[in-house]
Each structure stands twice: as C-alpha cells, then as structure tokens.
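> Handing you this structure, nothing more for now.
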C-alpha cells in the first residue's frame, strides 16, 4: 500500500532538520560576525598590523580545513553527538580566548581554536541518521538556507554588537551561541537509534581517489576556494575603504550590509530559476564570476565615494550569494553516484582553505600596497577562476537517489549495468555493505516509481 504520510516530513524529522539547521546557523553566525568588524576595530589591539588582521580573519579556516574530514570519520566510529558536543565546546573556548585577548595574537589564537571545532561533517551525518531518504534533500536545503541566513544576519548584527560591547563582547556572544547549540542538540534534536554509514552524507574512503581525480569536481572546488578567498580578502579592505574613502564611521557600517544583503537576495533568485529551468547553470556561473571580477575592478578604479562603495557592495553580494547558492547544487549534480558525501567533504575543505588564504593574502596585500592592491589581487583571482570554469562541461541535470536493496536484488548480477541502460539513468553503483544502490537520474525522463519497479520488482509487485 502507498503510505500518504510518507510524502510529508514526520514531526521528529522536522525537529531534527530544524534543530540541526539552528546549530549550524548559530555556529556560522559566530564565525561570520567577526568579518565586517575585525579590520576596523582590530587595529586598536596591541601589535595589530593589517597582515595580522588578515591572519585573524582567515585563521579559523586553517584548522577547519584540516579537521573537517577527520572529525566526520571519527563520528562514524564514536557517534555523532560526542563529536558535535566536543566541537561546540572547542568553539566556545576559542571564543572566550579571543574575548579575553588584548593583543592581536590572542585573537588569532582564539580564531584558530574556534576553527578546530569542525562539526559540519558530523552534523550532516546526524541529519542523515534522523531523516528518511525521500526527505533528505529537503532537510539539507534547510541547513543550506540557515547558513545563508546566518551570513546575512552576521553582517548586520556583528557591527551593531561590536558598537555596543566592543570586540570582546562580540566574541563572548559567539561563545554563548555555541552553548545554545549544545542545548539544541541535547533537548531539541531527537535521539537516533541507527547510525547510517551513508555515502551521500559522509566521506567514503573508497570514493576519495575518484573524487580528487574528477576534473569537473576539481573545477568547482577551485571555484569555492577562490570565492571564499575573495570574500575574506575583500573584508580586509572594504570596511577600511568605507572609513577612509567613504567617510563612513565604523559604527554605521551595518546599514550598508543590511541594504546590500536584502537587495542581493532578491536579485539573485531570477538567475537561479533561469539556470535550473533552462538548464544553463554554466552560463549563470560564468556570468556571476565575470560580475565579481568587474566589481573588484570597480572598487579599485571608481570606489572613491560612499555611494560608489555602496553600489559596488550590493553588486558584489548579488554575485557572491548567487555563486554561494549554486555551487553546492552543482557539486551534487556532477558527483558520481554514491560520491556526493565525499565530494561535499572535499568541497568544504576547499572552502575553508580559501577563507584562510584569502584573509592572510588580503592582509599582506593591504600592508604592502594599500586598498587598491587588495582589490586588484581579488580581480586577478576572479580572472583565474574564469579560465578554470570556462572549460567546464554543462552539468548534468540529475537527482541523486539512494534505494535500499532486497537480498534478492543484491544477489542479482549486473543490476547497476542493467539500470544504466535505462533512459534517464546516468549512473548507478551498488554498495553491498549498505545493501543499497546509488542512482543518478534525470527526473524529466524517468520517475521514481518506474525506477522502484526496476530495482526491487518483487517488493513492487507485493505493493501492487
């Protein structure tokens, strides 16, 4: 019989997705709130130089990149919750360390410790344990939206909090957010009875080699690396440009970010709809990178007044948000069947490495050549990305599915080859130790019910 309730997320699935989305959002809020204020307020710290400010902005990315995948693998061994609790405690300790600091080195140490609480992979794995297959994409989209939203809130709340409580107050607030995250895991997110070893949400060692050799996945990894490098480097320069070139006191910066993020959020939606509906995501990607390149050149040459800087910031965030939203969906389209979890792990590591390098490079360029050098350096990075992305193939417009296999289907030889011959199926791989098959399919050509009859004909016949 068809179960009508299976179409909707259950109460516990909604609690799991909502609770974990909030954990992610609070932690990201803590990471991002520092961005718009460190360049302006950080110069008051003992020993501060632009290069060290850049290092403080990017420092969390270093430990985050190194520990991201290992923490995910450890969570498979000892359980998701212990790893998430540990990560949030480490993040809170890093925040307290930075709050107590009176020198730039103390803030850098705090940021490095904050980044060591690398829980993204464990949170994603716990989400997979707590949601059914057909709702997992929806649940992951909730987490994606929460990250985007936390970035927008951080850009506005960061300057407001710092104006009222100073940098140490800002870091203490991030420690409190981490503790709220711990409470959410303890009291809101339901307990999970099973722990799925699941290739769509975690890193599979067997899939690591093929992922690192996949040309189009590597192009997307370069893309997110460059995007976050540009974001961090720009935030070494932009807040200072508002003060020096735009004459805007650092206490007033919040309204610029609020305006830019509100406009950019609505401005990017038509491009995402166009790219997905018309199946032209490559064109949208190259267009957004070109706009980012032109915006950095605009800041370099024409960003000499407050109005010019505000216009530039609005356009910058429109392109940035469009790329930030579309790159993860491109990863899931391009990754081979059963390889999405591993591809996302490598992608996240590239993102954090980009953030680390961008902060360090931005600070160094500012110290040695001023604002113009930072904007030119960012433009050069965009140029490099355009060259790399230009050779990418149009991504396949496919959905990833994981379907459990009956013992009879598991014993059947050549099941994946037989499925690949079906119109609409682009890839299929049987993973015997999970008793499951991973499939990539074009939903315009093939629907799920037809596929289920092909994969498990016996159970389909029973239901009928």
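The values are calculated or read from the model by the stated rules, or taken from the named source; none is laboratory data. What you see is a predicted model; the values in this text were computed from it and never measured. Methodologically, a virtual Cβ is constructed for each residue, glycine included, from the backbone with ideal geometry; neighbour enumeration extends over all protein chains shown.
> Being crowded, with 19+ Cβ neighbours inside 10 Å and closer than 18 Å to residue 43 by Cα is the filter here; which residues of region 157-179 pass it?
Within region 157-179, 158, 159, 161, 162, 167, 170, 171 meet the criteria.
> Further question: Would you check which residues across region 72-86 are part of a helix (DSSP H, G or I) and either out of contact with any helix residue (DSSP H, G or I) (no Cβ under 8 Å at 6 or more places or on another chain) or surrounded by fewer than 24 Cβ atoms within 10 Å (Cβ to Cβ) (or both) and list them? Can you show your working first?
As a first pass, look at region 72-86 and keep what is part of a helix (DSSP H, G or I): 72-78, 80-86.
Residues satisfying the conditions are 73, 74, 76, 77, 78, 81, 82, 85, 86.
Residue-wise test of (1) under 12 Å from the mean Cα position of the chain (by Cα); (2) in contact (Cβ under 8 Å) with a residue 24 or more places away in the chain; (3) crowded, with 24+ Cβ neighbours inside 10 Å; (4) in a helix (DSSP H, G or I).
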{"position": "309", "(1), (2), (3), (4)": "no, yes, no, yes"}
{"position": "322", "(1), (2), (3), (4)": "no, yes, yes, yes"}
{"position": "326", "(1), (2), (3), (4)": "yes, yes, no, yes"}
{"position": "333", "(1), (2), (3), (4)": "no, yes, no, yes"}
{"position": "337", "(1), (2), (3), (4)": "no, yes, yes, no"}
{"position": "345", "(1), (2), (3), (4)": "yes, yes, yes, yes"}
{"position": "359", "(1), (2), (3), (4)": "no, yes, yes, yes"}
{"position": "365", "(1), (2), (3), (4)": "no, yes, yes, yes"}
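> Mind telling me which of the residues 43, 28 ends up being under 19 Å from the mean Cα position of the chain (by Cα) and either free of Cβ contacts under 8 Å to residues at least 24 places away in the same chain or surrounded by fewer than 22 Cβ atoms within 10 Å (Cβ to Cβ) (or both)?
Details: 43 fails: under 19 Å from the mean Cα position of the chain (by Cα).
The conditions single out 28.
Matching residues to (1) surrounded by 15 or more Cβ atoms within 10 Å (Cβ to Cβ); (2) touching a residue at least 24 places away in the same chain (Cβ under 8 Å); (3) under 22 Å from the mean Cα position of the chain (by Cα):
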{"position": "181", "(1), (2), (3)": "yes, yes, yes"}
{"position": "184", "(1), (2), (3)": "yes, yes, yes"}
{"position": "187", "(1), (2), (3)": "no, no, no"}
{"position": "203", "(1), (2), (3)": "yes, yes, yes"}
{"position": "213", "(1), (2), (3)": "no, no, yes"}
{"position": "223", "(1), (2), (3)": "yes, yes, yes"}
{"position": "239", "(1), (2), (3)": "yes, yes, no"}
{"position": "275", "(1), (2), (3)": "yes, yes, yes"}
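> Restricting attention to region 402-454, and to residues there that are more than 21 Å from residue 335 (Cβ to Cβ) and either in the same structural domain as residue 339 (by TED's automatic domain parsing) or under 31 Å from the mean Cα position of the chain (by Cα) (or both), which single residue is surrounded by the fewest Cβ atoms within 10 Å (Cβ to Cβ)?
Looking at the filtered set, the residue picked out is 447.
> Taking only region 401-427 into account, find how many residues are touching a strand residue (DSSP E or B) at 6+ places or on another chain (Cβ under 6 Å) and within 30 Å of residue 276 (Cβ to Cβ).
Here the count works out to 11.
> Which residues, taken from region 405-425, are under 17 Å from residue 448 (Cα atoms) and without any contact (Cβ under 8 Å) to a residue 40 or more places away in the chain?
Scanning region 405-425 gives 416, 418, 419, 420, 421, 422, 423, 424, 425.
> Now, a different point. Test residue 297 against the stated conditions and say whether it is crowded, with 19+ Cβ neighbours inside 10 Å and in the same structural domain as residue 240 (by TED's automatic domain parsing).
no
> Turning to a different aspect of this structure: Hey, could you check region 386-401 for residues that are in a helix (DSSP H, G or I) and in contact with a helix residue (DSSP H, G or I) (Cβ under 9 Å, 6 or more places away or on another chain) and say which is surrounded by the fewest Cβ atoms within 10 Å (Cβ to Cβ)? Spell out how you get there, then give the answer.
Taking region 386-401 first, the residues in a helix (DSSP H, G or I) are 386-390.
Now narrow it down to the ones that are in contact with a helix residue (DSSP H, G or I) (Cβ under 9 Å, 6 or more places away or on another chain): 386, 388-390.
Details: 386: 16, 388: 17, 389: 20, 390: 12.
Applying the filter and picking the extreme gives 390.
> Still on this structure, please answer the following. One residue is enough: does region 49-61 have a residue meeting the conditions touching a strand residue (DSSP E or B) at 6+ places or on another chain (Cβ under 9 Å), in a loop (DSSP other than H, G, I, E, B), more than 23 Å from residue 254 (Cβ to Cβ) and in the same structural domain as residue 111 (by TED's automatic domain parsing)?
No, that holds for no residue.
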